[in-house]
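Here's the structure we're looking at; comments come further down.
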Amino acid sequence: MRALILCGSKRGGFTSSMCESFASGLNSENIETDIVYPLELDINHCTGCGYCSKNMVCNIEDDMEHIYEMFKKADLLVLSSPVRFSGPSSVIKVVVDRFQPFWYCKSQHPSYALALMNGGGKHPEFKNLISVFKALSITIGMKWMGDISIPDTDSNEPDFVRDSAYEFGKETGITLNSENRI
């Protein structure tokens, strides 16, 4: 089993800590992981040109091609983002929008998807992030496995975020292994 984790923030913050700890939890259950930081890549916005509707591939030549290749080989897609104005970060939203070719060609994709989310305030609004991430999952045909939503990261210690994400990763790994009888 293999997981592709798309981190919708920079390295070194709570979101990347969640991704890394979640990956460690998966690794403890013998699931290989790739963490990708789209912010470090050259990924352009979807232009809505319609090319993918006829050709089943995107015609934009950029680093998204590398993500597509990892996506096709993964069993689990993990979308991670901090809350930004009650929605996903612009970094992860650009990537989500670029999965448009898989709307038309529903083959070669992970079987499962889930989300890792956090917010600095005491009561961040996670429902809009979940809506975007679930829509991608449903549209492409991936089974939604749930999410972890950690509020109040401005007041919590990084260890709390890491421990919570690790346990969620471990539980996810156990579930995937039992469903796939690994």
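Based on DSSP H runs of at least 4 residues, each adding -39500 (n - 2.57), what is the mean residue ellipticity at 222 nm of the chain after dividing by all its residues, to the nearest 500 deg cm²/dmol?
After summing the helix terms and dividing by the residues of the chain, the value is -13000 deg cm²/dmol.
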Subject >> Binned Cα-Cα distances of the chain, short to long, each 10 Å bin given as a whole percent >> reply: 10, 39, 36, 13, 1
**OP:** Among the trypsin sites (Lys or Arg not before Pro) in the range 29-89, which ones are in a DSSP loop with at most 13 other Cβ atoms within 10 Å of the Cβ? Mind listing them?
**Re:** none
Original post:
Among Thr139, Thr15, Thr172, whose mean-square fluctuation peaks in a Gaussian network model of the chain (Cα, cutoff 10 Å)?
Top reply: Thr139
**OP:** Relative to the longest principal axis of the C-alpha atoms of the chain, give the angle of the C-alpha long axis of helix 158-180, reported between 0 and 90° and rounded to the nearest 10°.
**Re:** 60
**OP:** Can you put Phe126, Phe85 in order of Cβ neighbours within 10 angstrom, beginning with the fewest?
**Re:** Phe85, Phe126
Original post:
Mind listing which GluC sites (Glu not before Pro) in the range 88-182 are in a DSSP loop and have 16 or fewer other Cβ atoms within 10 Å?
Top reply: Glu125
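What's the local net charge at Asn156, with K and R +1, D and E -1, over the other residues with C-beta under 11 Å away?
Details: positive: Lys122, Arg162; negative: Asp152, Asp154, Glu157, Asp159, Asp163.
Result for the local shell: -3.
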Subject >> trypsin sites (Lys or Arg not before Pro) within the range 109-138: DSSP coil, no more than 16 neighbouring Cβ in 10 Å >> reply: Lys122
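Return a whole-number percent for the relative contact order of the range 49-123, with Cα pairs under 8 Å and 6 or more residues apart as the contact set.
Result for the range 49-123 is 43 percent.
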Subject >> ³J(HN,Hα) computed for each position of the range 23-36 - Karplus, 6.51 cos²θ - 1.76 cosθ + 1.60, integer Hz, glycine/proline x >> reply: 4, 4, x, 5, 4, 5, 10, 6, 10, 6, 9, 10, 9, 10
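Values in this text are rule-based calculations from the coordinates and carry no lab data. Predicted model only: the values in this text are computed from it and were never measured. Backbone-built Cβ (ideal geometry, glycine too); neighbour counts: all protein chains shown.
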